[in-house]
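The values are calculated or read from the model by the stated rules, or taken from the named source; none is laboratory data. Every value quoted in this text rests on a predicted model; they were computed, and no experiment measured them. As a convention, Cβ positions derive from the backbone with ideal geometry for all residues, glycine included, and neighbour counts pool all protein chains shown. With ligands, DNA and RNA removed, areas are computed over all heavy atoms of the protein, side chains included. Shrake-Rupley method; radii C 1.70, N 1.55, O 1.52, S 1.80 Å.
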Amino acid sequence: MAAPATPRPSLILPRASSHSHSQPSADGLTSDRVTASNRRRGDFVFVVNPSGANGRTGKQWKQLLPHLRTRLADQCNICECITSGPSHAIDVTREAIKDGADAVIAVGGDGTLHEVVNGFFWKGSPVRALDRGPDHSTALGLIPLGTGSDFARTFGWTNDPCDTIDRIVRGVKSKLDIGVMEGPNREPHFFVNVADIHLSAKAGYFASMYKRFGNLCYVFGALRAFWGHNNRDMRIKVNGGEWRTVHKVTALCIGNAKYFGGGMKITPTADPFSGNLELHRLYGGTHLSVNGVSSIRVQSIEVAEVTDSGDIFVQSDGEHFGFLPTKFSVLPGVVDFFC
């Protein structure tokens, strides 16, 4: 573990292996660690995706780091983790929490934040520090430097990352809701922004192939998704009630926050501190400004096909999750968030 020659060291956490997932230990956690011997005061672990936004995230982070050290180094031990591939952010977040970090801050876009949020959990339960006592909790932070950064739009944040650092320095936190998804295998997966089904999820799947074009990736993804698209009948169960059939669905969007797809305000009244998810149903090829959309607040929703085909896409926070059937629910106020 290397430490730069600065008064307040930035600890680089190396990748444990060349695989996309580190191998878990007997307790289910990986071996990327911030060790207690390196801890001078509370650890703030910054999880950086250097390849985000076609490499701009890594470059911006290097420019931002001196300012970050100036603002925070007297308050905490700044720990820097440069991720090396898919799911690495999940692994190091779990390790940082287990080792008692006071905060884990995602540096990147919605995909990086999505992985960090999933790192706060293991097998459906929150990860806890091993030696900090039952009252200790690790806060979540975000420095939005990615392609979309849709989650940050919900709060009306500026594009200046120094403003985000100021929020972290102030230390004001709120209890953030986290969404939960379960597919056919019932293994929980977590999201913080928006989960969606069918056309928009298919567009997101294709958009991920064009991220080298920046925000234009969403346009290219939508064009590919529309090609050959057909609205589909779906079965929906809300809050554990009765199944009902909804015909000719274009898309279903389940929002913990408001924006997705590079700035589209898809669930405009969603509030990630409310304890509810917002369900928007688009059908008949319509959009939010006309009558072919319904919106309700829910605590849980299950969605399945009327006729099983296995080809209706599901995504969360812009990351491909799989296909229907899927159950969505919310964990109210489960994570402290710098806001």
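Points to keep in mind about this one:
- Here ILE78 meets each of (1) within 17 Å of the chain's Cα centre (by Cα); (2) in a strand (DSSP E or B) with one exception, condition (1).
- Members of the stretch 107-151 found to be closer than 18 Å to LYS175 by Cβ and of a type in the set (A, V, I, L, M, F, W, C), listed by number: LEU113, VAL116, VAL117, PHE120, PHE121, VAL127, ALA139, LEU140, LEU142, PHE151
Residues are listed down the side, and each one gets a yes or a no for (1) in contact with a Pro (Cβ under 9 Å, 6 or more places away or on another chain); (2) part of a loop (DSSP other than H, G, I, E, B); (3) open to solvent by 50 Å² or more (accessible area, probe 1.4 Å); (4) modelled with pLDDT under 95:
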position	(1), (2), (3), (4)
VAL107	yes, no, no, no
VAL116	no, no, no, no
LEU140	no, no, no, no
GLY156	no, yes, yes, yes
ARG186	no, yes, yes, yes
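- Odd one out for GLU242, checked against (1) at pLDDT 95 or above; (2) outside any loop (DSSP other than H, G, I, E, B); (3) over 30 Å from ARG94 (Cα atoms): (2)
- In the stretch 83-94, the residues that are out of contact with any Cys (no Cβ under 9 Å at 6 or more places or on another chain) and either under 14 Å from LEU140 (Cα atoms) or acidic (Asp, Glu) (or both): ILE90, ASP91, ARG94
- In the stretch 59-94, the qualifying residues are those that are surrounded by fewer than 19 Cβ atoms within 10 Å (Cβ to Cβ) and without any contact (Cβ under 8 Å) to a residue 60 or more places away in the chain, and the one that is farthest from GLY146 (Cα to Cα) is THR70.
- Scan of the stretch 175-189 for residues that are closer than 13 Å to LEU277 by Cβ and in contact with a Ser or Thr (Cβ under 9 Å, 6 or more places away or on another chain), ordered by number: ASP177, GLY179, VAL180, MET181
- In the stretch 192-234, the residues that are among the small types (Gly, Ala, Ser), farther than 14 Å from GLY262 by Cα and loosely packed, with under 15 Cβ neighbours inside 10 Å: GLY228
- Residue that is most open to solvent (accessible area, probe 1.4 Å), among those in the stretch 290-339 that are polar (S, T, N, Q) and part of a strand (DSSP E or B): SER295
- Of the set (1) over 30 Å from TYR205 (Cα atoms); (2) at pLDDT 95 or above, all apply to ALA73 but (2).
- Qualifying residues in the stretch 270-289 (those that are in a loop (DSSP other than H, G, I, E, B) and modelled with pLDDT under 90) - the one surrounded by the fewest Cβ atoms within 10 Å (Cβ to Cβ): SER289
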